[in-house]
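These notes concern the structure reproduced below.
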Amino acid sequence: MHSLVTDTHHAVRLLLKRPGLAALVILTLSLGLGANAAIFQVIDALILRPFTIADIDRLVLIAETGPEFTLDKQETVSPANFADWKKQTDVFDQLAAFDWWEVNLATREEAERVAGFRVTANFFDALGVQPALGRTFTAAEETPGSHRRVIISHGLWQRRFGGDHGILGRTILIDAVPHEVVGVAPAGFNFPLGSDIWSPLALTSEQAQARATRYLTVIGRLARGKSVDTAQAQVAVVGERLAQQYPEHNKDHGAKVMTLVSGMRDQGLGPIVVLWQASAGFVLLIACANIANLLLARGAERQRDLAVRAALGASRWRMMRELLVESLVLAVAAVPAALAFAWVGIQLIRVNLPPRLVRFVDGWQNLDVDLRLIVFTLGLATTTAVIFGLLPALRASRPVLVEALKDGSRGATAGRNRQWVRRALVAGQVALALPLLVASTLSAMGAQRFLHGAQGYEPAGLLTMQAELPSAVYPNAESRRRFVERVTEKLREMPGVESAGIANVIPTGGGNAGRAITIDGAPPTDTANPPYVDYRTVTAAFLNSMRIPIVRGRGFTTADSETGPPVVIVSQSLANRHFGATDPIGKRLKLGDSPWLTVVGVSGDVIHNWFGRRNAPTAYRPYAQAPGLGLCFVIRAGGDLDSLMQPARAAVRALDPALPVFLLMPMPAALAERTIGLQYVAAIMAVFGAIALVLAVVGVYSLMAFMIAQRTHEIGVRIALGATRRNVLSLTVRQSAAMALWGVIIGLALSFGVGRMLESLLAGVISGDLRVSLSLAAILLTAAVAAAYLPARRATAIDPVIALRQ
């Protein structure tokens with residue numbers, strides 16, 4: 001330990017003698033460490049520890065598996081299967097279920113749309129959560145008619161009720177129906193997905209016996225001593241038994257048990273974080289190669305000193321230990337700056353996510369510099385010190401004594417003999433930088449394509465908003481049609497409005513609606529796994545307002561009313577998939593339990609969601625013939641859309657003051673919000689690419705500067721023997737170009753692999769492009785040659801007389 005302290009003091013003194021070199025190494029390393037620290041925090045907060053629920057290791061998510069659930073792990077369980085799981089398993093202390101329940105909350109202030117869930121009575125017990133005020137639900141409150149009770153979140157209690165302790169027992173209006181507040185959740189608890197309100201999951205006897213409809217999410221608390229594997233084995237047996245007992249609905253369906261963390265994780269987050277972590281690792285490797293090159297140069301300068309020590313009996317291990325301690329000191333010194341870079345990166349990641357979307361990313365609020373991140377960064381710094389310090393220590397601790405001890409040598413000859421290592425490191429930096437540049441460029445191109453490219457409709461000039469009609473106020477089709485007709489008329493009367501339409505679901509609006517499709521005259525399908533299509537109910541002006549083209553047949557008109565023949569418009573993708581080469585116009589189909597619908601038109605395809613629903617088969621029905629409660633408004637207007645927001649909200653409130661309007665924004669803003677994940681991918685990859693480019697260029701510059709400094713005597717001799725300045729410049733630049741060219745060749749091979757990986761991780765979003773790789777290779781090669789030009793210019797200014805005297 002005494003020797004280690006001595007070596008540390010010695011290392012600090014040596015580094016202080018070369019502050020420029022120390023600062024460059026620390027800055028380079030802090031960039032690499034900071035990038036990895038920021039991504040580690042994202043992984044830790046969003047993937048490893050997204051929830052702050054106690055005893056979370058015992059919590060699991062149980063999902064049904066089947067042909068229709070290729071990606072979804074939630075909202076996959078039928079009520080009847082859930083009931084059978086509860087009866088036929090004993091590996092769980094608690095088995096609870098919940099269902100999405102967004103509601104309209106009306107108070108003395110303006111009505112508000114609130115995110116919530118309907119939950120079984122044991123939901124809070126399963127999670128081990130006790131209310132801050134009041135109680136949880138009772139089993140009796142799962143009965144329809146006795147279920148009008150709610151528990152509100154601590155945040156909602158503070159925001160809308162001022163933290164009033166008299167809230168217990170108070171009646172509030174939820175979807176225009178009185179509900180009693182029986183509890184307030186503890187501060188910070190908003191599971192799942194930022195929920196602000198919970199109500200008992202009260203199913204009718206018919207709903208409880210349903211097996212064909214799968215919409216519940218099921219969680220469980222494992223019994224003491226039981227594992228996920230044990231639970232999986234038992235649930236699988238139950239699943240097989242149910243498939244045999246109810247083949248009509250459970251054929252090809254099973255069950256899967258997974259940890260709550262993995263089960264609730266967003267399906268697209270894992271691949272993206274893997275991409276980021278791999279990119280951050282590339283950046284750190286480039287930084288390590290850069291630093292190793294600097295330390296090799298530093299070791300070459302110290303060859304004479306180390307040779308003297310070796311000649312006096314110093315062991316190789318003793319010298320290696322000193323050099324590794326120097327590397328460790330540099331690495332530890334880089335940690336504060338790395339944490340600062342990581343903090344800046346984390347804050348930029350946090351603040352750029354729209355507040356409305358924060359609730360959908362579990363663990364987002366946990367993003368910050370904490371003790372785990374500090375420990376990780378220190379550990380990574382220590383590991384990195386060995387990576388970038390070992391090679392220089394090995395090389396420098398074995399000096400060539402005869403060469404190093406010659407008065408005129410100063411290690412130059414030995415340095416020239418060993419310069420292939422430094423050249424290989426520079427080529428490696430270029431090789432690692434190129435795939436990062438390719439990945440960042442492809443990501444940016446993908447983001448721009450989905451943000452500004454063809455959507456199948458025209459986002460510019462389109463204002464969107466949403467509302468949900470409460471069934472208590474609008475209980476029948478006629479009341480809903482009447483409201484839609486009146487509100488559409490008011491919206492069209494606003495100044496600058498060209499047209500206004502309404503649909504149940506719109507692109508960028510979130511969510512989806514689907515129906516099983518049956519084609520008249522087609523062979524019967526598997527009733528357990530029927531084909532599904534996206535289902536839209538739209539007013540006559542909707543397609544025109546969206547600028548979705550009718551490619552065949554006609555659009556809807558006011559004649560397509562409730563008294564008219566049932567009709568449908570199908571998208572081009574639906575026509576291709578279900579009608580093939582046959583003209584669908586005039587053909588009939590059913591959507592779910594609808595009557596037979598006659599196809600009157602074929603529309604263009606649209607991108608509903610950039611990640612999972614692009615050009616999906618879609619069927620449009622006239623709203624008048626199938627009026628629903630969910631309303632998505634689209635208003636086509638010229639001029640400033642922001643100035644129409646308040647009048648649009650007022651038009652709805654004029655007809656129903658208790659109806660909240662939400663997601664009111666221009667369509668381009670909504671599109672930017674819905675593609676925020678892809679924008680994050682592009683932005684972070686762009687940062688990594690920029691860092692990699694800078695480090696590679698700095699590496700080329702540093703090596704060329706060192707090589708020219710070591711070859712001052714040789715260059716002086718060349719000039720004295722008649723070499724022109726152009727000859728010297730050409731010689732040095734060619735060496736740089738050769739190193740960079742080898743790196744580019746290797747980098748192109750790596751870029752091909754990175755392109756294939758991106759295509760698999762983000763299927764359909766990013767596609768490899770050889771032209772992009774070749775263009776970036778040319779840019780990187782040019783940057784490397786340019787980095788070598790400045791030290792090469794200095795080489796041409798060497799005075800041969802002075803050089804020969806050295």
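The values are calculated or read from the model by the stated rules, or taken from the named source; none is laboratory data. Just so it is clear, the model here is predicted, and its values are computed rather than measured. Backbone-built Cβ (ideal geometry, glycine too); neighbour counts: all protein chains shown. Heads up: the accessible areas ignore ligands, DNA and RNA and are worked out on the full protein's heavy atoms, side chains in. Shrake-Rupley method; radii C 1.70, N 1.55, O 1.52, S 1.80 Å.
What does the convex hull of the Cα atoms come to per residue for the range 661-786, in Å³? Please list the in-between numbers first.
Working: hull volume 17.3 nm³, N = 126.
Looking at the range 661-786, the number lands at 137 Å³ per residue.
Using the Cα atoms of the range 567-616 to build a convex hull, what is its mean projected area in square nanometres? Please report the intermediate quantities before stating the final value.
Values: hull surface 14.9 nm².
That works out to 3.7 nm², a quarter of the Cα hull's surface.
Between A210 and E489, what is 0.36 nm times their sequence separation minus the Cα-Cα distance? Round to one decimal in nm. Numbers along the way, then the final one.
Details: separation 279, 0.36 × 279 = 100.44 nm, distance 4.04 nm.
Using 0.36 nm per residue and subtracting the Cα-Cα distance, I get 96.4 nm.
Can you give the longest stretch of the chain with no exposed loop site, where a site means GluC sites (Glu not before Pro) in a DSSP loop (not H, G, I, E or B) with at most 14 other C-beta atoms within 10 Å?
On the way: sites that count: E109, E110, E493, E562.
Maximal segment without exposed cleavage sites: 111-492.
Mind checking the range 212-247 for trypsin sites (Lys or Arg not before Pro) that DSSP puts in a loop (not H, G, I, E or B) and that have at most 11 other Cβ atoms within 10 Å? Walk me through the intermediate numbers first.
Values: sites: R214, R221, R224, K226, R241; in loops: R214, R224, K226.
Listed in order of number, the matching sites are R224.
Assuming R0 = 56 Å, can you tell me the calculated FRET efficiency for the pair E180 and Q448, based on Cβ-Cβ distance, to the nearest 0.05? Don't skip to the answer; put the middle values down first.
Details: r = 51 Å, r/R0 = 0.91.
Using R0 = 56 Å, I get an efficiency of 0.65.
Please report the Cα spread of the chain along all three principal axes, rounded to whole Å, starting with the longest.
That works out to 104, 61, 54 Å along the principal axes.
Sorted by average packing, counted as other Cβ atoms within 10 angstrom per residue and highest first, what order do 181-190, 597-606 take? All intermediate terms of the calculation are to be shown ahead of the outcome.
Working: 181-190: 18.8, 597-606: 21.5.
Ranked from most to least packed, the peptides come out as 597-606, 181-190.
What number do you get for the range 484-528 when its Cα radius of gyration is normalised by 2.2 N^0.38 Å, N = residues?
Working: Rg = 18.1 Å, N = 45, 2.2 N^0.38 = 9.3 Å.
So the Cα radius of gyration is 1.94 times the expected 2.2 N^0.38 Å.
Nearest 0.05, what FRET efficiency do S730 and A23 give at R0 = 35 Å with Cβ-Cβ as r?
Working: r = 33 Å, r/R0 = 0.94.
Rounded to the nearest 0.05, the efficiency is 0.60.
For the chain, take the longest principal axis of its alpha carbons; what is the angle in degrees between that and the long axis of helix 316-351, to the nearest 10 within 0 to 90?
Once rounded, the angle reads 30 degrees.
Does anyone have the angle between helix 19-43 and the longest principal axis of the chain? Alpha-carbon axes, 0 to 90°, nearest 10?
The answer is roughly 20 degrees.
Using helices alone, what [θ] at 222 nm do you get for the chain, with -39,500 (n - 2.57) per DSSP H run of 4 or more residues, divided over all residues and rounded to the nearest 500? Working shown, then result.
Numbers: 27 runs with 410 residues, N = 806.
Helices in the chain give a 222 nm mean residue ellipticity of -16500 deg cm²/dmol.
How far, in degrees from 0 to 90, does helix 770-796 lean away from the longest principal axis of the Cα atoms of the chain, to the nearest 10?
Tilt of helix 770-796: around 30 degrees.
Please give the Cα centre distance for the range 176-213 versus the range 35-59, rounded to the nearest Å.
Using only Cα atoms to place each centre, the spacing works out to 27 Å.
Taking the highest mean first, how do the peptides 382-389, 688-695 order by number of other beta carbon atoms within 10 angstrom per residue? Could you put the intermediate results ahead of the total?
Values: 382-389: 19.5, 688-695: 23.0.
Descending packing order for the listed peptides: 688-695, 382-389.
Between R241 and T525, what length comes free when the chain is fully extended (0.36 nm per residue of separation minus the Cα-Cα distance, one decimal in nm)? Don't jump to the answer; show the numbers that get you there.
Details: separation 284, 0.36 × 284 = 102.24 nm, distance 2.39 nm.
Answer, rounded to one decimal: 99.8 nm.
Measure off 7 Å from each Cα along the Cα-to-Cβ vector at D229 and T557, then give the distance between these two points in nanometres to one decimal.
6.8 nm
For the range 600-627 and the range 338-362, what is the separation of their C-alpha centers, rounded to whole Å?
34 Å
If packing is taken as the average number of other Cβ atoms within 10 Å across a peptide's residues, how do 357-365, 455-463, 616-624, 282-290 rank, most packed first?
On the way: 357-365: 17.0, 455-463: 18.9, 616-624: 23.4, 282-290: 26.1.
Per-residue mean Cβ counts within 10 Å order the peptides as 282-290, 616-624, 455-463, 357-365.
Rolling a 1.4 Å sphere over the protein heavy atoms, what is the accessible area per residue of the chain, to the nearest Å²? Provide the component values of the computation, followed by the final result.
Values: 34560 Å² over 806 residues.
That works out to 43 Å² per residue.
Using only the Cα atoms of the range 152-282, construct the convex hull and provide its projected area averaged over every direction, in square nanometres to one decimal. Mind dumping the intermediate values first?
Details: hull surface 54.6 nm².
Spelled out: convex hull of the Cα atoms, projected over all directions, averaged, 13.7 nm².
What does the convex hull of the Cα atoms come to per residue for the range 566-709, in Å³?
Details: hull volume 32.6 nm³, N = 144.
Roughly 227 Å³ of hull volume per residue.
Using a 7 Å offset from the Cα along the Cα-to-Cβ direction at both A749 and K251, what is the distance between the two label points in nm, to one decimal?
Placing both labels 7 Å along Cα→Cβ, they lie 5.2 nm apart.
If I stretch the segment between S471 and T382 completely, what's the gain in nm (0.36 nm per residue apart, minus their alpha carbon distance), one decimal? It would help to have the intermediate numbers written out before the result.
Numbers: separation 89, 0.36 × 89 = 32.04 nm, distance 6.24 nm.
Length gained, S471 through T382: 25.8 nm.
Which FRET efficiency value, to the nearest 0.05, is calculated for T259 and T598 with the Förster distance at 51 angstrom and r the Cβ-Cβ distance? Working shown, then result.
Values: r = 49 Å, r/R0 = 0.97.
FRET efficiency, T259 to T598: 0.55.
Please count, across the chain, the pairs of lysine residues with Cα atoms under 28 Å apart that sit 8 or more places apart or on different chains.
Lysine pairs meeting both conditions in the chain amount to 14.
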